[in-house]
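Report on the following structure.
The values are calculated or read from the model by the stated rules, or taken from the named source; none is laboratory data. Source: prediction; values computed, not measured. Please note: Cβ atoms are built from the backbone with ideal geometry, for glycine as well, and neighbour counts cover all protein chains shown. Calculation scope for accessible area: heavy atoms of the full protein, side chains included, ligands and nucleic acids excluded. Shrake-Rupley method; radii C 1.70, N 1.55, O 1.52, S 1.80 Å.
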Amino acid sequence: MHSNYDIIVVGAGHAGCEAAYASAKMGSKVLLITMNMNTIAQMSCNPAMGGVAKGQIIREIDALGGMSGIISDKSMIQFRMLNKSKGPAMWSPRTQNDRMRFAEEWRLALESNLNVDFWQEMVTNIIVEDKKVVGVRTSMGLEFKSKAVILTSGTFLNGIIHIGEKKFGGGRTGEKASTGITEQLVSLGFEAGRMKTGTPPRVDGRSLDYSKMEEQAGDEQPEKFSFSNETSSLTEQRSCFITYTNPDVHAELEKGFDQSPMFNGRIQGLGPRYCPSIEDKINRFSERNRHQIFVEPEGWNTVEIYVNGFSTSLPEDIQYKAIRKIAGFENVRMFRPGYAIEYDYFPPTQLSSSLETHLVENLYFAGQINGTTGYEEAACQGLMAGINAHEKINEKPEFLLNRAEAYIGVLIDDLINKGTDEPYRMFTSRAEHRILLRQDNADLRLTEKGHNINLATEERLNEMKGRSSSLNKLLNDIDQKKVIPEEVNQLLEDSNTAIIKQKTSIRKLIKRPQIHIQDLKKLGSKFDEYLSKYDRDVLEGADIHVKYEDYIDKETKLAEKVVQLEELIIKDTLDFQNIPALSSEAKEKLAKVKPKTIGQASRISGVSPADISVLMVYMGR
């Protein structure tokens, strides 16, 4: 057993797995410590990856060389592209996954990397010398030394599970909580807080009447997350189903409100605003007679069902009586009740852009410890922490993504500059440059960056360059190729758009919202044969580019102006207290966050445009 490592990753959830895999792939010797090796990459909540904005994050992780996209593809049982009725900036891939296969594929990926070692035990302390982390200490008193440590503790730090009036320690149902780390970090000067999340009951799918529900099938032409050739799209899929609560369900649930830990004050932490419990929904939206319930299978072969939309911490008997009043659930058999879990987190304003802590050098936080919620948000933080820990100990520059380069950049920038006092979830609305950050172009944006740090492989880089070349060739061709009225006017009439009276370029036709590049296949074998040479993703990419190029160009120029502020570096030695014209709040916030650029300083809550002007004048800009 080795006792010295380059990097130790504490926790093997989505953040921990990405952190360990990335840093090991880049060449670091990594020890992944988890309290239970049988629950590596456990999908603690719903068995799904992606969704609105989250799917973009998975594609970005994949483009950089991370594994979440590939693992999701290998374990998916359904694929859907959400928001297709909206503009392409909103399109978001989502997979339903086989829970057990997902965890198995992650473990196989980690075990296949010879730079990753494993240890099963609780970490109770980090070892700090001269304000620098040098290792960890376990519950058995063992010490493992390292150059950097990444904490990805999820919901385990002093976790308390609530079901009605019952409460007990745990990081997840059936697993004990982690103790010691919070108390030590607070003693070192860190600020800690409490958050809450929850999960719904799991039920026996054999006891449900699906004829009373709406089927929600996967896409007819399913895609996948990963840009690599390592995975393929599904040829068969499992359906999900939709049903609804009703006034009888609500009345049954309300009988347990006096025993609700959320309503009677036993839960102190704030829960996720955009994923409330069913009792919270009934209480806050009392005018609504029903709430949507998604019935999600947990895998290819299991009968276990995840009741999405019915998260609750009410007593188990109330849960059971209420759920049986949902259409299709009249004879349901419950496997386990829903519960709420309260846990420690550390406000992320205590981190730098690399996710390294301000107080302890070479100590990194990633995932729910930073106040986020969701597998995808955790995974991308783990990836970035793993990359930056490796780069730091090898005396290389930080690897950072800005808000115009990736949703990952938006997420980290929001966390470290604005902080959060409730579980942070990514949305497309958080990204001001979202037309640039589409799910279809993640590889074009990020794969070369991943390759430059030895994370994305040469093969992935060549695949990206090949796709880019095909896209550029197609865009050039449709600019040059023209059609005559006799060839295209019938298609235009059928599409309810104006006919042409003279020869027109294909590009001008595709700019029309009613016409898509795939429609040109209807013009005859000449066009069909030509377009068939290109993959579907290249055709779609060209269609998006032509339709939205004016918006894309405008947003690109705006992003370039914003990036100029990121080039104005603030020296580490600058004492904000010595700048008299700054407001008191600005001095306090700037000293706390320690921004590295004027751009970062401008996004800190409480720092006004006037403060930024003062700062720039003081710096001689």
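Hey, what did the range 5-118 get for relative contact order, percent, Cα under 8 Å, at least 6 apart?
Taking the mean separation of contacting Cα pairs over the length of the range 5-118, I get 32 percent.
Using 1/(1 + (r/R0)^6) with R0 = 56 angstrom and r between the beta carbons of Phe263 and Ala559, what's the FRET efficiency to the nearest 0.05?
That pair, Phe263 with Ala559, gives E of 0.80.
Per residue, how large is the accessible surface of the range 399-458? Use a 1.4 angstrom probe and give square angstrom.
32 Å²
Could you give each residue of the range 289-294 its phi-based ³J(HN,Hα) in whole Hz, using Karplus coefficients 6.51, -1.76, 1.60 with θ = phi - 60°, and x for Gly or Pro?
Coupling constants for the range 289-294: 8, 8, 10, 6, 10, 9 Hz.
Given N residues in the range 311-359, what is its alpha carbon radius of gyration divided by 2.2 N^0.38 Å?
My calculation over the Cα atoms of the range 311-359 gives 2.04.
Based on alpha-carbon positions alone, could you give the equivalent ellipsoid semi-axes of the range 212-296 from the gyration tensor, as √(5λ), descending, whole Å?
Square roots of five times the eigenvalues give 36, 19, 9 Å.
Quick check: residue separation of Glu111 and Thr457 times 0.36 nm, minus the Cα distance between them. What number comes out in nm?
122.7 nm
Once you have the Cα-Cα distance between Asp209 and His358, take 0.36 nm times their residue separation minus that, and quote the gain in nm to one decimal.
Fully extending the segment from Asp209 to His358 adds 48.2 nm.
Can you give the Kirkwood hydrodynamic radius for the range 18-127, in Å, rounded to one decimal and based on Cα pairs?
Computed over the range 18-127, the radius equals 15.2 Å.
Give me the percent of the accessible area of the chain that comes from carbon and sulfur atoms, probe 1.4 Å, all protein chains in place.
Carbon and sulfur: 47 percent of the exposed surface of the chain.
How big, in percent, is the set of alpha carbon pairs in the chain lying more than 35 Å apart?
So the pairs more than 35 Å apart make up 45 percent of the total in the chain.
Give, rounded to the nearest 20 debye, the magnitude of the charge dipole that the range 322-370 has about its Cα centre when Lys and Arg contribute +1 at Cβ and Asp and Glu contribute -1 at Cβ.
580 debye
Once the convex hull of the C-alpha atoms of the range 139-234 is built, how many Å³ does it hold per residue, rounded to a whole number?
Spread over its residues, the Cα hull of the range 139-234 gives 277 Å³ apiece.
Using the Cα atoms of the range 376-510, I'd like the radius of gyration and the largest Cα-Cα distance, Dmax, both in angstrom.
Cα only, the range 376-510: 21.6, 66 Å (Rg, Dmax).
Taking the Cα atoms of the range 434-499, what is the range of coordinates along each of the three principal axes, in descending order and whole Å?
Cα spread of the range 434-499 along its principal axes, largest to smallest: 53, 25, 14 Å.
Using Cα pairs under 8 angstrom and six or more residues apart, how large is the relative contact order of the range 349-496, in percent?
Once divided by the residue count of the range 349-496, the mean separation gives 18 percent.
Across the Cα atoms of the range 297-336, what radius of gyration and what greatest pairwise Cα-Cα distance (Dmax) are found, in Å?
Cα radius of gyration and Dmax of the range 297-336 are 10.8, 31 Å respectively.
What residues qualify as long-range amide H neighbours of Ile77, i.e. H under 5 Å apart, gap of 5 or more or another chain, H built at 1.01 Å from N?
Under 5 Å from the amide H of Ile77 lie the amide H atoms of Gln96, Asn97, Asp98, each far enough along the sequence or on another chain.
Along each of its three principal axes, how wide is the spread of alpha-carbon positions in the range 103-181, in whole angstrom units, largest first?
So the three principal-axis extents are 44, 37, 20 Å.
Place a point 7 Å from the Cα of Lys132 along the Cα-to-Cβ direction; which residues of the range 395-432 have their backbone N under 20 Å from it?
The answer is 395-399.
For a Förster distance of 41 Å, can you work out the FRET efficiency between the beta-carbons of Arg430 and Ala251, rounded to the nearest 0.05?
0.65
Determine, for each peptide in 515-521, 502-508, the mean count of other beta carbons within 10 angstrom over its residues, then list the peptides with the highest first.
With the highest mean Cβ count within 10 Å placed first, the list reads 515-521, 502-508.
Pop a pseudo-label 7 angstrom from the Cα along the beta-carbon direction at both Glu183 and Lys418 and give the gap in nm to one decimal.
3.6 nm
Helix check for the chain. Which DSSP H runs span at least 30 Å along their own axis by Cα, with a mean Kyte-Doolittle hydropathy no less than 1.0?
Helices meeting the span and hydropathy rule in the chain: none at all.
Calculate the FRET efficiency for Asn476 and Gln514 from the Cβ-Cβ distance with a Förster distance of 22 Å, rounded to the nearest 0.05.
The calculated FRET efficiency here is 0.40.
Relative contact order of the range 501-621, please, whole-number percent, based on alpha carbon pairs below 8 angstrom and at least 6 residues apart.
Over the range 501-621, the number comes to 18 percent.
Just read off the accessible area of Ser605 with the full protein assembly in place, 1.4 Å probe, to the nearest 10 Å².
Counting only protein heavy atoms, the figure is 70 Å².
Note down the net charge around Ser605, summing +1 for each Lys or Arg and -1 for each Asp or Glu among other residues with Cβ under 13 Å from its Cβ.
Residues close to Ser605 contribute a combined charge of -2.
Taking H placed 1.01 Å from N in the peptide plane, check which residues at least 5 places from Tyr5 or on another chain put their amide H under 5 Å from its amide H.
Those lying under 5 Å, H to H, from Tyr5 are Lys145, Ser146, Lys147.
For the range 252-352, compute Rg over Rh where Rg is the Cα radius of gyration and Rh is the Kirkwood radius from the inverse mean 1/r over Cα pairs.
1.02
Can you list residues from other chains, or at least 5 along the same chain, whose modelled amide H is less than 5 Å from the amide H of Ile570?
Thr597, Ile598
Which log10 I(q)/I(0) values, to two decimals, does the range 484-621 give at q = 0.09, 0.10 Å⁻¹ under the Debye formula with one point per Cα?
-0.53, -0.57
Students sometimes get this wrong: rank Tyr548, Tyr320, Tyr306 by accessible area, probe 1.4 Å, all chains present, largest first.
Tyr320, Tyr548, Tyr306
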